[in-house]
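The next block holds one structure in the form of structure tokens; read it before the comments.
The values are calculated or read from the model by the stated rules, or taken from the named source; none is laboratory data. The structure presented is a predicted model; accordingly, all values stated were derived computationally and were not measured. Glycine also receives a Cβ, built like all others from the backbone with ideal geometry; neighbour counts cover every protein chain displayed. For accessibility, only protein heavy atoms count, side chains too; no ligands or nucleic acids. Shrake-Rupley method; radii C 1.70, N 1.55, O 1.52, S 1.80 Å.
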Amino acid sequence: MSRYWSDVVKGLTPYVPGEQPKLANLVKLNTNENPYGPSPRALEAIRAATDDSLKLYPDPNAERLKRAIADCHGVETCNVFVGNGSDEVLAHVFLGLLKHARPILFPDITYSFYPVYCGLYQVPYETVPLLADFSIRVADYTRPPGAQAGGIIFPNPNAPTGRQLPLADIEALLQANPDCVVVIDEAYVDFGGDSAIPLTTRYPNLLVVQTLSKSRSLAGLRVGFAVGHDDLIEALERVKNSFNSYPLDRLAIAGAVAAIEDREYFARTCRAVIATREKLVADLENLGYEVIPSAANFVFARHPRHDAEKSALALRQRSIIVRHFKLPRIAQYLRITVGTDEQCAALIAALKDILGP
Ligand code: PMP
């Protein structure tokens with residue numbers, strides 16, 4: 001704390017990302033990265049873009065990337081917003097679309113960056129408890145006419161539970177809340193979930209946010225995007241152009257375009273993650289774990305007889321890191337990223353050892 005700090009900074013409780021240790025031979029299953037690496041075509045495009053043109057600013061509108069995303073999802077470029085990771089896109093969403101007099105709503109167990117953005121931009125919010133099985137009940141987000149929420153946001157599949165809400169429920173939520181923006185954060189949707197992007201042409205209050213960090217394995221490049229009605233996109237452009245004209249650099253634009261266009265690599269690596277997830281779930285259940293059904297590239301699991309924090313610590317001593325949240329309702333769960341088959345086999349072997357006979 002310093003007397004030079006603004007009152008806003010004094011009041012902030014920043015987000016804490018999962019750690020990125022620099023140890024060799026680590027089985028790193030704590031931050032939902034994709035073990036297969038980016039498309040070779042994306043890497044080649046980044047190499048090809050590494051030339052004298054870096055002396056020039058990039059395209060402030062990243063038109064090429066918007067075109068690639070629009071073509072991939074069957075929308076127009078005016079329906080696409082791009083940013084420096086979906087975290088930046090989400091930050092602009094909170095300021096540009098969710099900051100109103102009435103509180104916004106999100107689940108009590110969800111992506112822990114949401115309350116942080118509320119703190120930064122002073123957005124009032126209320127949390128809505130997930131049901132006991134960690135599912136979202138749409139009726140819990142519906143307020144009487146005249147008292148609708150200032151906005152609604154949650155990830156689908158949710159994080160850190162991995163549980164998916166069916167599209168029919170999202171549509172019911174949109175119909176019940178026509179006066180506020182509904183933001184669906186689809187960071188993990190490509191691992192077997194159903195995207196709400198097709199609904200954006202029918203619901204002008206729906207914004208869908210995605211990232212290239214997970215299914216395109218480009219967490220290090222920092223590219224995220226939003227799809228929605230042009231009026232929603234214009235709000236985000238106004239915030240972005242009042243904040244940073246060039247959030248995506250030349251290398252990020254080149255790599256992201258190639259990654260989006262390499263549909264075959266994308267489909268193959270997503271399939272591999274899903275197949276490994278199914279095996280991981282079965283192996284964990286064999287060890288006595290209760291696993292929440294996951295449509296993401298991670299699983300959320302609890303053992304009825306073994307403390308989660310102690311297990312996470314014991315795994316760490318064996319150079320395997322998973323994520324544990326010391327938070328109400330979920331302190332007995334481990335969130336385990338789906339790695340390669342070998343990494344998951346190492347995890348299961350270590351857990352066998354830790355749990356004992
Ligand atoms: N949304 C959710 C639900 C996430 O878990 C993450 C990853 N931490 C993000 C958004 C942000 O991802 P990125 O900024 O890498 O696009």
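What accessible area per residue, rounded to a whole number of Å², is obtained for the range 167-305 using a probe radius of 1.4 Å?
38
Return the carbon/sulfur percentage of the accessible area of the chain, one whole number, probe 1.4 Å, all protein chains in place.
Roughly 54 percent, rounded to a whole number.
Helix-only estimate, please: 222 nm mean residue ellipticity of the chain, summing -39500 (n - 2.57) across DSSP H runs of length 4 or more and dividing by its residues, to the nearest 500.
Mean residue ellipticity, 222 nm, calculated: -11000 deg cm²/dmol.
Work out how much length R305 to F243 would gain on full extension: take 0.36 nm times their residue separation and subtract the Cα-Cα distance, in nm to one decimal.
17.3 nm
Show me the trypsin sites (Lys or Arg not before Pro) within the range 15-94 that DSSP assigns to loop and that have at most 12 other Cβ atoms within 10 Å of their Cβ.
Counting only loop positions with at most 12 other Cβ atoms within 10 Å, the trypsin sites (Lys or Arg not before Pro) in the range 15-94 are K22.
Quick one: check the C-alpha center-to-center distance for the range 89-128 versus the range 317-357, whole angstrom.
30
Taking all protein chains together and a probe of 1.4 Å, list Y203, Y15 from the most accessible to the least accessible.
Most to least solvent-accessible, the answer reads Y15, Y203.
Select from the range 175-256 those trypsin sites (Lys or Arg not before Pro) which occupy a DSSP coil region and have at most 16 other Cβ atoms within 10 Å, ordered by residue number.
Taking the range 175-256 and a limit of 16 other Cβ atoms within 10 Å, the loop trypsin sites (Lys or Arg not before Pro) found are R202.
Any idea how far the Cα center of the range 38-57 sits from the one of the range 134-202, in Å?
36
How much area per residue is accessible in the range 84-138 when the probe is 1.4 Å and only protein heavy atoms are counted (Å²)?
39
For a quick check, take a GNM of the chain with Cα springs below 10 Å and name the residue from G228, G220, G192 with the largest mean-square fluctuation.
Among G228, G220, G192, the largest GNM mean-square fluctuation belongs to G220.
Of C72, C78, C344, which has the most accessible area with a 1.4 Å probe, and how do the rest follow in descending order?
C78, C72, C344
Which of the trypsin sites (Lys or Arg not before Pro) found in the range 291-356 are loop residues per DSSP with 11 or fewer other Cβ atoms within 10 Å of their Cβ?
R305, K326
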